[in-house]
1. State whether one or more residues within region 27-46 are modelled with pLDDT of 90 or more, touching a strand residue (DSSP E or B) at 6+ places or on another chain (Cβ under 7 Å) and not basic (Lys, Arg).
2. Answer with yes or no whether Gln22 is in a loop (DSSP other than H, G, I, E, B), of a type outside the set (Asp, Glu) and open to solvent by 90 Å² or more (accessible area, probe 1.4 Å).
3. For residues that are in a helix (DSSP H, G or I), among the hydrophobic types (A, V, I, L, M, F, W, C) and under 23 Å from Pro229 (Cα atoms), scanning just region 184-217, find the one that is farthest from the chain's Cα centre (by Cα).
4. Can you spot a residue in region 140-157 that is without any contact (Cβ under 8 Å) to a residue 24 or more places away in the chain and under 21 Å from Ser96 (Cα atoms)?
5. Give me the pairs, please: first residue somewhere in region 106-126 and under 25 Å from Asp186 (Cα atoms) and open to solvent by less than 60 Å² (accessible area, probe 1.4 Å), second residue anywhere and of a type in the set (Phe, Trp, Tyr) and not in a helix (DSSP H, G or I), beta-carbon distance under 6 Å, and either six or more positions apart or on two chains.
6. Name the single residue that is least open to solvent (accessible area, probe 1.4 Å) among those in region 218-246 being small (Gly, Ala, Ser) and within 20 Å of the chain's Cα centre (by Cα).
7. Go through (1) modelled with pLDDT of 90 or more; (2) assigned to a helix (DSSP H, G or I) and name the single condition Phe3 misses.
8. All but one of (1) open to solvent by 50 Å² or more (accessible area, probe 1.4 Å); (2) under 26 Å from Val94 (Cα atoms); (3) of a type in the set (Gly, Ala, Ser) hold for Ala192; which doesn't?
Amino acid sequence: LEFYEGVLMAIDSLDKVGIKVQVFVYDVENDSALLEKTLRKPELTQMNLIIGPLYSNSLEQANAFSKKYGVAVVSPFSQVNKILIGNINLSKVVASPITQIDLMAQYIASTYKNQNIIVLNSGVNKEHNIIHTFKKTLQDRGFVEADSIHNINFAKAGTVGFEKALNHQKKNIVFVPSTDQVFVTDMFNKFATLKNDSSIIMFGMDTWVNYDNLSVDLMQRLQLHLPSPYYLNYDSPVIKNFILADRKSTRLNSSHANI
């Protein structure tokens with residue numbers, strides 16, 4: 001419902017700059033059969049744009065429809081990039097984990113040039129693509145050579161192997177590509193025993209924001225940075241204006257509902 005209210009606000013903004021749109025609204029729930037029935041409606045083939053469906057497991061159906069009829073589709077919540085392959089009419093709003101890593105590496109390259117880079121992996125295969133993207137972006141930006149990045153299997157080497165890779169004359173940029181909460185928690189617990197961590201600046205994954213068992217004090221000491229496709233800067237004038245407009249819209253809708 002909140003997403004729909006946001007769409008209505010966006011349409012209102014278009015209207016104010018002279019762009020008129022005709023909106024069709026369909027509630028397909030999280031039901032593939034209902035979605036299929038809706039996509040068979042004759043007016044759907046004449047649409048300029050479809051926003052949704054909201055659920056990622058229904059996106060394949062919308063993608064097939066988009067390919068067949070050439071209708072543009074925007075996925076508001078899916079993070080998966082592979083759905084974009086083979087359909088120029090499909091786009092998505094949320095950055096994939098790989099895109100987040102690429103942007104994180106760009107930030108590191110521009111902010112911490114010539115510092116010591118350490119990757120702490122957990123030894124699982126699914127981290128290989130993430131590490132490859134991270135290294136390649138740093139190399140493409142002229143930040144470091146591939147062999148100058150310390151890639152350590154923390155599950156095996158532990159804090160002893162990590163401390164050997166530290167450079168006490170530089171900032172130590174530590175990237176941890178794991179989304180395994182057990183591994184990340186164990187790593188944090190071991191990091192708590194480090195005597196000197198003031199030179200460490202850690203970068204993790206967006207899923208870490210949901211881990212409620214990580215020490216806030218240690219996160220601050222490690223200067224933890226996390227990417228987030230959903231981050232809102234409440235000090236931004238744009239965000240403040242949007243929130244005020246949303247509250248005003250909500251009050252108006254509530255008053256109309258009570259009449």
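The values are calculated or read from the model by the stated rules, or taken from the named source; none is laboratory data. Computed from a predicted model, the values in this text were never measured in an experiment. Because the Cβ atoms are built from the backbone with ideal geometry, glycine has one as well, and the counts that use them run over all protein chains shown. Accessible surface areas use protein heavy atoms only, side chains included; no ligands, DNA or RNA. Shrake-Rupley method; radii C 1.70, N 1.55, O 1.52, S 1.80 Å.
1. no
2. Against the criterion (in a loop (DSSP other than H, G, I, E, B), of a type outside the set (Asp, Glu) and open to solvent by 90 Å² or more (accessible area, probe 1.4 Å)), Gln22 qualifies.
3. The qualifying residue farthest from the chain's Cα centre (by Cα) is Val216.
4. yes
5. Hits for this filter: Val119/Phe175.
6. Ser236
7. For Phe3, the exception is condition (1).
8. Condition (2) is where Ala192 drops out.
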